[in-house]
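Comments concern the structure below.
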Amino acid sequence: MPRGPRLDAPGVLHHVMVRGIEGRSIFRDDRDREDFLTRLAALVGTTGLTVYAWALLPNHAHLLVRTGARSLGRVMRSLLTGYAGAFNRRYRRRGHLFQNRYKSVVVEEDPYFLELVRYLHLNPLRAGVVSDLRDLDRYLWSGHSVLMGHTRRPWQASQSVLAHFGSSLFRARQQYRAFVAAGIPLGRRPELQGGGLVRSAGGWRAVHQLRRGREAYLSDERVLGSTEFVEELLRHVEAPTLPSPKQISLTILIRRVCAAVGIRPEALTGSGRPPYVSRAREGIAYLWTEMLSQSGRRLATVLGVQSPAVYKAAQRGRKARTRWEKLLKD
């Protein structure tokens with residue numbers, strides 16, 4: 001059966017797995033790994049992609065990402081094609097480097113986000129690339145070392161993860177590390193690999209009703225989430241493409257959100273926090289940091305708060321994502 005297009009929509013969370021063809025190595029040395037990450041960083045800056053977790057192993061790689069204005073397919077095509085070409089030139093080889101089709105699992109956020117951050121970052125330990133958690137803390141080729149402060153990768157959305165664990169950086173890192181340590185005995189976690197769209201939605205008949213016969217998406221996709229999540233996802237799949245993130249400034253974004261909520265922008269920094277002001281802050285934080293992949297620190301300065309408060313507001317704003325994302329289409 002031919003493979004259909006991938007489930008995708010702006011703002012969707014994906015667990016992406018890339019493997020070498022026939023299990024062969026895709027990274028031979030640190031130069032290869034750095035090249036891959038440099039290309040990934042460039043895509044973060046130009047496509048609105050957000051990277052929360054990642055791990056590079058000799059013959060495969062894992063990414064936990066949220067798409068921006070550009071689809072996951074276009075992002076991955078640019079990343080893998082560019083890297084494979086450079087790899088082949090370096091080693092004077094020909095032919096495919098990766099398996100023909102990378103695997104992507106569309107993820108329901110609330111129950112699975114932190115579990116997948118932990119699962120991805122424990123990959124080097126499970127694979128025997130590092131011997132213990134202390135070695136993992138300093139393993140350069142995983143987002144875990146960035147969260148622990150041993151490696152600097154400014155393109156990684158570290159604050160978005162650490163904000164779940166504490167308001168101070170020191171406390172957040174302590175709690176995050178304890179969370180990762182608690183996952184070591186859990187092993188490979190097959191339940192985090194996705195159940196398939198058909199099973200997630202309740203069977204072929206349920207999917208057929210949901211999709212009104214649009215069967216192409218069923219061929220090789222996996223979804224980690226509930227029936228309700230699948231329904232919401234399918235509504236987003238056919239939504240119009242959002243404009244490029246660089247087309248919307250922070251000033252314009254603030255004006256749009258405030259107008260939608262019915263407040264003046266000055267109210268965002270006024271005394272007191274009425275519910276409608278909090279809602280506006282959440283919408284701005286979600287759109288600015290997650291949909292547009294812009295600096296939470298800059299927004300924190302504008303709002304007069306600390307960076308962790310911005311990322312927590314974005315998490316709350318995500319619950320009303322449909323409402324907020326419409327403002328990017330104006």
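Quick note: the coordinates plus some simple rules give every number you see, no bench work behind them. Quick caveat: nothing in here was measured; it's all calculated off a predicted structure. Here the Cβ is made from the backbone with ideal geometry for all residues, glycine too, and neighbour counts use every protein chain on show.
Side notes on the structure shown:
- Using the Cβ-Cβ distance between R92 and S131 with R0 set to 56 Å, the FRET efficiency from 1/(1 + (r/R0)^6) comes to roughly 0.95.
- For region 48-81, no residue has its backbone nitrogen under 15 Å from a point 7 Å from the Cα of E22, taken along Cα to Cβ.
- Gained length - K329 relative to R77, 0.36 nm times residue gap less alpha-carbon distance: 88.2 nm
- Ranked D29, D35, D137, criterion: other C-beta atoms within 10 Å, fewest first: D29, D35, D137
- For peptides 71-77, 283-289, sequence by mean Cβ density within 10 Å, most packed first: 283-289, 71-77
- Maximal additional length on extending the N100-A42 stretch stands at 18.6 nm, based on 0.36 nm per residue less the C-alpha distance.
- The mean sequence distance of close C-alpha pairs (under 8 Å, at least 6 residues apart), as a share of the length of region 245-328, puts its relative contact order at 31 percent.
- Peptides 52-61, 109-118 ordered by average Cβ neighbours within 10 Å, highest first: 52-61, 109-118
- Among residues other than A157 with Cβ under 9 Å from its Cβ, the summed charge is 0 (Lys and Arg +1, Asp and Glu -1).
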